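Throughout, read-outs are computed from the coordinates displayed, never taken from laboratory work. Quick caveat: nothing in here was measured; it's all calculated off a predicted structure. We place every Cβ from the backbone using ideal geometry, glycine too, and count neighbours over all the protein chains shown.
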């Protein structure tokens, strides 16, 4: 329970250091990172739909980054 609480504190502190637009983009990477950690740590299987979703997330984030320039 302590480690979970500390993780949220660190996550929130990191978001405070970023501006709102950059912090909002990081939100979309949470499922990708969570799935990759599940694969690395727990040996979960990753299917084709994960890769399709990851490509869609990455392309959407890149689209928003390039459009704001």
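Select one label from (i) 12.0; (ii) 12.5; (iii) 13.9: the one whose number is Kirkwood radius over Cα pairs in Å as derived from the coordinates shown.
Derived directly from the coordinates: (iii).
Neighbouring Cβ atoms within 10 Å as the yardstick, rank 49, 35 fewest first.
Ordered by Cβ neighbours within 10 Å, fewest first: 49, 35.
On full extension of the chain, what length is gained from residue 40 through residue 52, given 0.36 nm per residue of separation minus the C-alpha to C-alpha distance?
2.4 nm
For 17, 26, what ranking results if the residue with the fewest other Cβ atoms within 10 Å of its Cβ goes first?
Exposure proxy ranking, most exposed first: 17, 26.
Using just the helices of the chain, give the 222 nm mean residue ellipticity in deg cm²/dmol: DSSP H runs with n ≥ 4 each add -39,500 (n - 2.57), and the total is spread over all residues, rounded to 500.
Calculated from helices alone, the mean residue ellipticity at 222 nm is -26000 deg cm²/dmol.
How much length is gained if the chain between residue 17 and residue 62 is pulled fully straight, taking 0.36 nm per residue apart and subtracting their Cα-Cα distance, in nm to one decimal?
14.1 nm
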